[in-house]
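Novice: Let me give you the structure first, and then I'll get to my questions.
The values are calculated or read from the model by the stated rules, or taken from the named source; none is laboratory data. Not measured: the values here are computed from a predicted model. So basically every Cβ, Gly included, is an ideal-geometry build from the backbone, and we count neighbours across all protein chains shown.
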Amino acid sequence: MPVTLKQLAHGLGLHHSTVAYALSGKGTVKEATRQRVRSVAREMGYVPNGLARRMRAKKTNVIGLVVPDVLIQYNQFIQQLLRQALEHGYDSQIAVTESQAEGEDKALRFLMESRVDGMIIKTGFRRWSDVPSQHALRQLSEQGVRTVLFGSPMESSPFNAVALPLERQGEILATHLLSLGHKHLAWLAASMDTDQPQVAGVRKALRAAGHDAESLRVFVPDRSTVASNGAGCKSESLPQSALECGRRLMRKAMSEPHRVTAVLCENEMLAIGAVAEAREMGLRIPQDIAVAAADRSVAADLSPIPLTTTSVDPAEASRAALDLLLQTMHDEPANETRRNGKGDYETVSVKTVTPAATLIVGKSTYCQ
């Protein structure tokens, strides 16, 4: 058990307030007493309760970060954010949701109890109206906790957000494949949600090229590879499951009577699984089937064939999220909210920042 201030004071034969002043450097404690207290504190292994001290000051200098996983997809974003937060004098506390609504609720409550100064959240909800009335996200809004959403846009959200250019990423990939002569495209999704911004982007590119937007084939994972809330492959935080998910979806795509010539994957882990399955089927990449991913992380470097992907600079994305949070915490009041006729909170003013996406061409779609 950790040594308490009271135990330290008892061992020294001093009042606990004297010991507290000696350790903090405050008060009128004699220098000899101060040195003795600090020496004995080191010998006894006493560690000050920093959280309690910060809570008394009504500021913890800690930012909460809520993400689905820390292994691959958000690894670089997290690393950049931790480094940038330290440069601004903030520590970071991370909570993982594994893409489940219940996990997200628990993660948010844990950070709220830790009294973090603000939060950056990758939520699984697409619309504010979908958030249950008792979910911690609602309480963040009601209590005025400084919050920034990261990733997918959230319709009618009361929070500032960094919205990744998902639709643009789908459009960029599809435009690239269409320029190579591919007309029969398939989308491999990591969730059972077919109403994805990336899919809208692919269809936008098809229309711009004069093709039928509805010709795009969309394949979603079966329930055995989907998280219990249906939000995404068990996969998103478990690489092995993601690879298997990609394999299954590739088999579905290639079993179609009108075979596709190119598949676009929601993330690179699905793409790596799709590449592996295609090669086992005896297909050449990209001559027989092209494969691309609408998201890039460190996993792209694990692919046996260099992947064509779109990329958002993780340093730029994390800096945008942190800057937006710090503005909300320091320079501006919390977003003004009001209740509408349904009892929901409506936001008067919300900022959304969207970083740029770039195309990275690999041998999975183009071979000279």
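Novice: So which of SER99, SER133, SER129, SER92 ends up being surrounded by fewer than 19 Cβ atoms within 10 Å (Cβ to Cβ), assigned to a loop (DSSP other than H, G, I, E, B), of a type outside the set (A, V, I, L, M) and not assigned by TED's automatic domain parsing to the domain that holds SER241? Walk me through how you get there before you give the answer.
Specialist: Values: SER99 fails: surrounded by fewer than 19 Cβ atoms within 10 Å (Cβ to Cβ); SER129 fails: assigned to a loop (DSSP other than H, G, I, E, B); SER92 fails: assigned to a loop (DSSP other than H, G, I, E, B).
None of the others qualify; the one that does is SER133.
Novice: Restricting to region 191-215, name every residue that is out of contact with any helix residue (DSSP H, G or I) (no Cβ under 6 Å at 6 or more places or on another chain) and either touching a residue at least 24 places away in the same chain (Cβ under 8 Å) or not in a helix (DSSP H, G or I) (or both). Step through it out loud before you land on a result.
Specialist: Filtering region 191-215 down to residues out of contact with any helix residue (DSSP H, G or I) (no Cβ under 6 Å at 6 or more places or on another chain) leaves 191-196, 199, 208, 210-212, 214-215.
SER191, MET192, ASP193, THR194, ASP195, GLN196, VAL199, ALA208, GLY210, HIS211, ASP212, SER215, listed by residue number.
Novice: Restricting region 1-38 to residues that are among the β-branched types (Val, Ile, Thr) and part of a helix (DSSP H, G or I), which is farthest from the chain's Cα centre (by Cα)?
Specialist: Step one: of region 1-38, the residues among the β-branched types (Val, Ile, Thr) are 3-4, 18-19, 28-29, 33, 37.
Still in the list and also part of a helix (DSSP H, G or I): 18-19, 33, 37.
Working: THR18: 46, VAL19: 43, THR33: 49, VAL37: 45 Å.
It comes out as THR33.
Novice: While we're looking at this one, here's another question. Any idea which of SER303, SER349 is at pLDDT below 85, surrounded by 17 or more Cβ atoms within 10 Å (Cβ to Cβ) and farther than 17 Å from PHE150 by Cα? Working first, answer last.
Specialist: On the way: SER349 fails: surrounded by 17 or more Cβ atoms within 10 Å (Cβ to Cβ).
Exactly one of SER303, SER349 is at pLDDT below 85, surrounded by 17 or more Cβ atoms within 10 Å (Cβ to Cβ) and farther than 17 Å from PHE150 by Cα, namely SER303.
Novice: Hey, any hits in region 122-131 for a residue that's under 19 Å from PRO314 (Cβ atoms), more than 14 Å from the chain's Cα centre (by Cα), aromatic (Phe, Trp, Tyr) and at pLDDT 90 or above? Write out each step before concluding.
Specialist: Of region 122-131, the ones under 19 Å from PRO314 (Cβ atoms) are 122-123.
Next, only the ones that are more than 14 Å from the chain's Cα centre (by Cα) stay: none.
No, that holds for no residue.
Novice: Over 25 Å from ASN267 (Cβ atoms) and in a loop (DSSP other than H, G, I, E, B): does that describe GLY124?
Specialist: Values: over 25 Å from ASN267 (Cβ atoms): no; in a loop (DSSP other than H, G, I, E, B): yes.
The answer is no for GLY124.
Novice: Out of all the residues in region 249-274, which are over 22 Å from ALA357 (Cβ atoms) and buried (at least 21 other Cβ atoms within 10 Å of the Cβ)?
Specialist: First, pick out the residues of region 249-274 that are over 22 Å from ALA357 (Cβ atoms): 249-261, 273.
Residues satisfying the conditions are LEU249, MET250, ALA253, VAL260, GLY273.
Yes or no, residue by residue, for (1) closer than 21 Å to ALA174 by Cα; (2) in contact with a helix residue (DSSP H, G or I) (Cβ under 9 Å, 6 or more places away or on another chain); (3) not assigned by TED's automatic domain parsing to the domain that holds ALA190:
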{"residue": "GLU244", "(1), (2), (3)": "no, yes, no"}
{"residue": "MET250", "(1), (2), (3)": "yes, yes, no"}
{"residue": "GLU256", "(1), (2), (3)": "yes, no, no"}
{"residue": "VAL260", "(1), (2), (3)": "yes, yes, no"}
{"residue": "CYS265", "(1), (2), (3)": "yes, yes, no"}
{"residue": "GLY282", "(1), (2), (3)": "no, no, no"}
{"residue": "SER303", "(1), (2), (3)": "yes, yes, no"}
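Novice: Test LEU108 against the criterion of being outside any loop (DSSP other than H, G, I, E, B), within 16 Å of PHE159 (Cβ to Cβ) and not assigned by TED's automatic domain parsing to the domain that holds VAL298, and give yes or no. Please lay out each step first, then the result.
Specialist: Values: outside any loop (DSSP other than H, G, I, E, B): yes; within 16 Å of PHE159 (Cβ to Cβ): yes; not assigned by TED's automatic domain parsing to the domain that holds VAL298: yes.
Yes.
Yes/no per residue for (1) hydrophobic (A, V, I, L, M, F, W, C); (2) modelled with pLDDT under 80; (3) under 30 Å from LEU111 (Cβ atoms); (4) out of contact with any Pro (no Cβ under 7 Å at 6 or more places or on another chain):
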site	(1), (2), (3), (4)
LEU12	yes, no, no, yes
SER24	no, yes, yes, yes
THR28	no, yes, no, yes
MET55	yes, yes, yes, yes
ASN61	no, no, yes, yes
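Novice: Looking only at region 325-344, how many residues end up being surrounded by fewer than 23 Cβ atoms within 10 Å (Cβ to Cβ) and at pLDDT 75 or above?
Specialist: To start, the set of residues in region 325-344 that are surrounded by fewer than 23 Cβ atoms within 10 Å (Cβ to Cβ) comprises 326-344.
Pick out the ones that are also at pLDDT 75 or above and you get 326-330.
Number satisfying all stated conditions: 5.
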